[in-house]
Amino acid sequence: MDITDEQWRENAFSIPANLRAVPRSEDDDGLRQAMLIVWAALAKASATIKHLYSLVPESMILELAATLDMQAPDYGLSFGGTETYEEIVMRLGGCLRAMEREYSEQDLGSRPTDPAGWLVEQAGHCAYLIPMGRLAWKDTKNPAQDMRNFDQRGLLRLRFVPAVVDGATVQIVKADRMARKSSTFGAVLFPDPTFDCDETPTRFFVRAVNIPNGETIISDACKAAHTERCLTTVFPELMIDPQSRRLIETQLVEKPWLAEGEMPDAPGIVVAGSWHEVENGERYNIATIYDGHGVQIARHKKRMAYKDAEGRVEDIRHGTELAVVVLEEALFGFGICLDFCNRCYHTPYGWLDVDFAIVPSCGNEVTMDGHIRTAKDLDNERKTRSFVVQQAYPPLDRAAGFVLNPDGNSSRWAANELLTDVPWSVFRGQTLHDR
């Protein structure tokens, strides 16, 4: 329920008492619950109040954090009841920074490493505390000049992701692999495919797709994802039927191109496009996500059904989950086409606080323009990078589809300039800096 700014201010004055009520547990001394209280107060504040955080330099946040006693029942946070909005925001920001530092520096290796242990509940809030900071897209700023907004700077070494976002349950999945500071992304498109659709005056779904030379393109792409040392490889929406998905899985598992005894340099994530398939008697548009060795790590069900120019609606049930995949390099969120490009609603991907939004898609220039606009919003708000691989539909004479490079260079994002006519393309983003 929305509250007025004045109500928010009055609620903020009660935070020290709420902190004193947090049980001091043996594993983390109550810090996770305490952090959630302070984080939620700022993260869920109005845009006007959150803007005040961007007027406070990091040097002042750090200075205030250094004065707080983390052993005190209220963690050193106090209010007299007359503080201005600016003073409240600064004190909450400093308290959160001190808590984050205490939690990180007191970690002796006993903290939970499994996502199930990251869930935190306190005072009506429920979120995952993920022990990973954001990617440093730019060189570290001088604290006196660091004026980033709360969503980019509220927490630096950790991040909270709400357990429910936009009505969907968040599923945190951690992939088991060693980190590799790769910033290479592979995109797969298919020249000249044809769809076989089941259609009524009001509904449609894709029954089959014919892809000329499809098996070769898929096999070559799986091999290239390894040889190009891709962090992520993405096939497009509604182009990977169950047979093609099995081929992708087999290629990733067996890696037939390797010489005997050769060690693979496997990609981090492979998104096997999507397909209309029935699960528990209901049809969904599902993207299957593998690790680089063919192990299925997540399934994303499209949340928004497409409606074509004739008014026929994609005959699917909507998904009710949002997957976040955790690699040592970064956090990844996923959408399918309209999940991401629908401009009628604010995107939920900012709340996921992922480093990359990965989107298999199928559509025309208007579809791609929607993706571009959402990508710009995420870049502005969170510095989240977006990687969209979109099969062209209706087919284009001059290209197989569109690919949005996740390099954050929005100045060159235009749908008619993102066309590619080859089955395999590699995009190298900025180097992933150490967090």
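Full extension of the chain segment joining Glu121 with Leu55 gains 20.7 nm, where the gain is 0.36 nm per residue of separation less the Cα-Cα distance.
Build a GNM of the chain with springs between Cα atoms under 10 Å apart, and of Ser274, Ser104, Ser182 the one that fluctuates most is Ser104. Using 0.36 nm per residue and subtracting the Cα-Cα separation, the extra length available between Glu310 and Arg157 on full extension is 50.2 nm. A DSSP coil position with no more than 14 other Cβ atoms inside 10 Å describes the following GluC sites (Glu not before Pro) in the range 258-348: Glu260, Glu262, Glu310, Glu328. Computed from label points 7 Å out along Cα-Cβ, the spacing between Met147 and Asn409 is 2.8 nm. The accessible-area ordering, largest first, of the residues Tyr345, Tyr284 stands as Tyr345, Tyr284, per a 1.4 angstrom probe. Expressed as a whole percent, the accessible surface of the range 5-162 that belongs to carbon and sulfur atoms is 50, based on a 1.4 Å probe.
Using the Cβ-Cβ distance between Asp5 and Arg203 with R0 set to 41 Å, the FRET efficiency works out to roughly 0.35. The alpha carbons of the range 93-140 give a radius of gyration and a Dmax of 12.9, 37 Å, in that order. Reported to the nearest whole Å, the Cα centre-to-centre distance from the range 404-419 to the range 386-403 is 13.
Dimensions of the range 294-358 along the principal axes, based on C-alpha atoms and rounded to the nearest Å, stand at 45, 28, 17, largest first. Could you tell me which of the pairs Lys141/Lys301; Lys302/Lys383; Lys50/Lys307 are separated by over 31 angstrom between their Cα atoms in the structure shown? In this structure, Lys141/Lys301; Lys50/Lys307 exceed 31 Å between Cα atoms.
The orientation-averaged shadow of the Cα convex hull for the range 183-321, equal to a quarter of the hull surface, comes to 9.3 nm².
Once Rg and the Kirkwood radius are both taken over the C-alpha atoms of the range 174-428, their ratio Rg/Rh works out to 0.94. Accessible surface area normalised per residue over the range 96-185 is 49 Å², counting heavy atoms of protein chains with a 1.4 Å rolling probe. What is the ratio of the Cα radius of gyration of the range 302-406 to 2.2 N^0.38 Å, with N the residue count, to two decimals? So the range 302-406 has a normalised radius of gyration of 1.07. Protein-only accessible surface at a 1.4 angstrom probe places the residues Lys50, Lys307, Lys383, Lys302 in the order Lys307, Lys383, Lys50, Lys302, largest first. With the convex hull drawn around the C-alpha atoms of the chain, the volume per residue stands at 153 Å³. By the Stokes-Einstein formula, at 0.692 mPa s and 37 °C, the range 5-162 with its Kirkwood radius over alpha-carbon pairs has D equal to 207 µm²/s.
The values are calculated or read from the model by the stated rules, or taken from the named source; none is laboratory data. Keep in mind it's a predicted model, so treat the numbers as computed, not measured. Ideal geometry is used to build each Cβ from the backbone, glycine not excepted, and the neighbour counts take in all protein chains shown. These accessible areas exclude ligands, DNA and RNA; they are computed on the full protein's heavy atoms, side chains included. Shrake-Rupley method; radii C 1.70, N 1.55, O 1.52, S 1.80 Å.
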